[in-house]
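**Q** Quick one: the structure is below, and I'll ask about it shortly.
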Amino acid sequence: MKKKILESYLSPLVATVVNLLLAYVVYAIARVAYLLDNWNYFSNSLTADVVQGGLVFDTAAILVTNIPYIVLMLLPLHWKETTFWHRLCQVVFVVVNGLALAVNLCDAAYFPFTLRRTTTTVFNEFGNEQNLGGILFTETLHHWYFVVLFLIVAYGMWRFYTTPRLEASRLKWWRYDLTTLLSLAAVAPFVVAGIRGGFATAVRPITISNANQYVDRPTDAALVLNTPFALYRTIGKAVFIVPQYFKDEQQMTAVFSPVHIPNDTVPMTRKNVVVLIVESFGREYIGALNWNLENGKYRGYTPNVDSLIALSTTFEYSFCNGRKSIDGMPSILSSIPMFVEPFFLTPASMNQVSGIADLLSKKGYETAFFHGAQRGSMGFMAFARKTGFQQYFGREDYDADSRFGGDGDFDGMWGIWDEPFLQYYCAKMSEMKEPFMTAVFTATSHHPYKIPEKYRDVYPEEGIIMHKCVRYTDMAIGKFFREASRQPWFKNTIFVMTSDHTNMSDHDVYQTDLGGFCSPIIIYEPGSDRQPAILPKVAQQIDILPTLMGMLHYPDPYFAFGIDVLNTPADSTWAVNYLNGIYQYVKHGHVLQFDGQKTRAVYALTDSMMQHNLAGTIPQQPQMEQELKAIIQQYMDRMTNDRLRP
């Protein structure tokens, strides 16, 4: 009899523990799905530490999200022990953990585009998209197996949920209430410790960056984390925190300063500037920049861009500064890299910001930004206006131009197909007064990986689904330059072409921590006597602004985190990017990985698979650390104090 009474007292606690263990199974299934769907990114570096770290972060997420459920189960109220109450608890449990499963599975599909777990900035990122429903529907069709998995696991949660027995209704109320109150009090410390990441008093609540202690590569941190944790840990959090590597600003500025003061005595050259930001057009797809792939047999998917490179200046190593389109815009046009979160999804986006358009507008240039999507998409229009573009041309403007095909050229998802929109871009520039500065952001070479129906047989499926889109966009770029070459402004123009970020990959060297940031940077100046070359230098998107200012002999001080890569000695060129709490700094033939406190790894650039950690063995490491610290502190200080102008 006494045993039966004791079981009745403990039944809610036991049921709660059993059901929370069921939640662990759900999170484990989600992590396995995340791994298998992105196997190419993780297969070469899996360790048991990933499992250990995953349990730590799953514990935190499970306990935070299930607090309402735990409280409902362990409320010291005798009258709640009814079938209705426990059915309510079951619904709460399945809904909460079903949502957690759903966001984890959605993020598995999104990972190849970002190489990180999704945070709360995603709601701002897609806040202006009118076709979000269509995007989600298309992704659901492409990842139908996740829908099946979700339904099976959700049913399993409902089926295997443990409901406590209801003998408590026959017990003395004060005994039951006292026992459940003690149960709640006993559970509370474990919940707090699980959320913090441990019992030790020195343990701070774990954050996203703590995932790096369980992995050797920043990319793998995404596998350790879970999406519910990444979402709730970034709600209302300060994005930029100023480190104190340098106590004296003069000392920091002596190491690195983003303020450029030209000492050029040559009068400013009033050439036109045209910047092509080609969606997802990673370096991997370009045959001319991959002469060493596949034993020299790789030809890539870009014959037109290969021909352009033969007439241009480009670089042996070139990188983007972020993994999203909204990272590429500030990097390319304002020389602001992505650290921690995309710049214009943070409060710092309200700072006074300059850019190529703003600088050249002050010198009498007419400026315009072109994007074939609906106005407001991705926040591009707001950023373009903020950084000095006088005009903006989007899908609506293309539709209104009777010379072109109107909305019949809409791809049904993002914007106007690249081929007609680049022809529109060329035509509109011919109507502008010289000198002008323009930028175009293309749309086709991207998910959902569609091309116009008339090109289906011309560019069939090959390799990976992205390749046919690359071939189509390459064709569109070739037609653009052929048309541009017939215009009177052509030989008085500097063209720069890059991608906003990289995309799908089928070569291991482009799936590493650094390989995922390899973007082309191509400078084409048809009216110049500059000899075409692939320079033995490191270049990055944030170098585009200062390099253009150098080519134009811009006379005034300006703000840029990058350098004039053409007028900088090869050994002094560098690149920086940020991935899952790790800063990567490329210089002196190496890439240094720094977690904000210490160097975690150093790899030679010739070690393309990043397999041999040289930390502590190369003489340049202290200097690289010092320079990277100065870049980080300058960035954080200027972001938080609105100092993004000279």
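The values are calculated or read from the model by the stated rules, or taken from the named source; none is laboratory data. Note that the coordinates shown come from a computational prediction; the quantities given were computed from them, not determined experimentally. Ideal geometry is used to build each Cβ from the backbone, glycine not excepted, and the neighbour counts take in all protein chains shown. Heavy atoms of the whole protein, side chains included, go into the accessibility calculation; ligands, DNA and RNA do not. Shrake-Rupley method; radii C 1.70, N 1.55, O 1.52, S 1.80 Å.
**Q** Give segment 297-355 a look and list any residue that's polar (S, T, N, Q) and touching a strand residue (DSSP E or B) at 6+ places or on another chain (Cβ under 7 Å), or say none. Steps first, please.
**A** The first filter runs over segment 297-355 and keeps only residues polar (S, T, N, Q), leaving 302, 304, 307, 312-314, 318, 321, 325, 331, 334-335, 346, 349, 351-352, 354.
Hits for segment 297-355 are SER312, THR313, THR314, SER318, ASN321, SER354.
**Q** Which one of TYR583, TYR635 is assigned to a helix (DSSP H, G or I), open to solvent by less than 30 Å² (accessible area, probe 1.4 Å) and hydroxyl-bearing (Ser, Thr, Tyr)? Talk me through it step by step, then tell me what you get.
**A** Working: TYR583 fails: assigned to a helix (DSSP H, G or I).
Matching residue, one of TYR583, TYR635: TYR635.
**Q** Related question: Kindly list, by first and then second residue, each pair from a residue in segment 578-607 that is within 20 Å of PHE343 (Cα to Cα) to a residue that is in a loop (DSSP other than H, G, I, E, B) and open to solvent by 20 Å² or more (accessible area, probe 1.4 Å), limited to pairs with Cβ atoms under 6 Å and residues at least 6 apart or on different chains.
**A** ASN580/ARG116; ILE582/ASP595
**Q** Checking the conditions here, which among THR163, THR118 is of a type in the set (Val, Ile, Thr), outside any helix (DSSP H, G or I), open to solvent by 60 Å² or more (accessible area, probe 1.4 Å) and at pLDDT 80 or above? Reasoning before the result, please.
**A** Numbers: THR118 fails: open to solvent by 60 Å² or more (accessible area, probe 1.4 Å).
Checking each option against the conditions leaves just THR163.
**Q** Can you confirm whether segment 397-405 contains a residue that is closer than 20 Å to PRO342 by Cβ and assigned to a helix (DSSP H, G or I)?
**A** Taking segment 397-405 and keeping what is closer than 20 Å to PRO342 by Cβ, we get none.
Checking segment 397-405: not a single residue is closer than 20 Å to PRO342 by Cβ and assigned to a helix (DSSP H, G or I).
**Q** Using beta carbons and a limit of 8 Å, which pairs, at least six apart or on different chains, have the first residue in segment 332-344 and in a helix (DSSP H, G or I) and the second one acidic (Asp, Glu)?
**A** Filtered contacts from segment 332-344: ILE332/ASP500; PHE343/ASP327.
**Q** Right, another one. Find the residue count for segment 297-326, including only residues that are of a type outside the set (A, V, I, L, M, F, W, C), within 19 Å of TYR472 (Cβ to Cβ) and open to solvent by less than 20 Å² (accessible area, probe 1.4 Å). Don't jump to the end; show me each part of the working.
**A** In the first step, residues of segment 297-326 are kept if they are of a type outside the set (A, V, I, L, M, F, W, C); the result is 297-304, 306-307, 312-314, 316-318, 321-325.
Cutting the leftovers down to within 19 Å of TYR472 (Cβ to Cβ) gives us 299-304, 306-307, 325.
So of that shortlist, the ones also open to solvent by less than 20 Å² (accessible area, probe 1.4 Å) come out as 300, 302, 325.
Result for segment 297-326: 3.
**Q** Pull up segment 465-501, narrow it to residues that are out of contact with any strand residue (DSSP E or B) (no Cβ under 6 Å at 6 or more places or on another chain) and not in a helix (DSSP H, G or I), then point me to the one that is most open to solvent (accessible area, probe 1.4 Å).
**A** The qualifying residue most open to solvent (accessible area, probe 1.4 Å) is ARG486.
**Q** Quick check: anything in segment 283-304 assigned to a loop (DSSP other than H, G, I, E, B), on the phi > 0 side of the Ramachandran plot, under 25 Å from the mean Cα position of the chain (by Cα) and in contact (Cβ under 8 Å) with a residue 24 or more places away in the chain?
**A** Checked segment 283-304: no residue is assigned to a loop (DSSP other than H, G, I, E, B), on the phi > 0 side of the Ramachandran plot, under 25 Å from the mean Cα position of the chain (by Cα) and in contact (Cβ under 8 Å) with a residue 24 or more places away in the chain.
**Q** Considering each residue of segment 54-97, count those that are at pLDDT below 90, surrounded by 17 or more Cβ atoms within 10 Å (Cβ to Cβ) and not hydrophobic (A, V, I, L, M, F, W, C), and give that number.
**A** Residues flagged as at pLDDT below 90, surrounded by 17 or more Cβ atoms within 10 Å (Cβ to Cβ) and not hydrophobic (A, V, I, L, M, F, W, C) within segment 54-97 amount to 4.
**Q** Spot the failing condition for SER430; the list is (1) among the small types (Gly, Ala, Ser); (2) open to solvent by 40 Å² or more (accessible area, probe 1.4 Å); (3) in contact (Cβ under 8 Å) with a residue 60 or more places away in the chain, and only one is missed.
**A** For SER430, the exception is condition (3).
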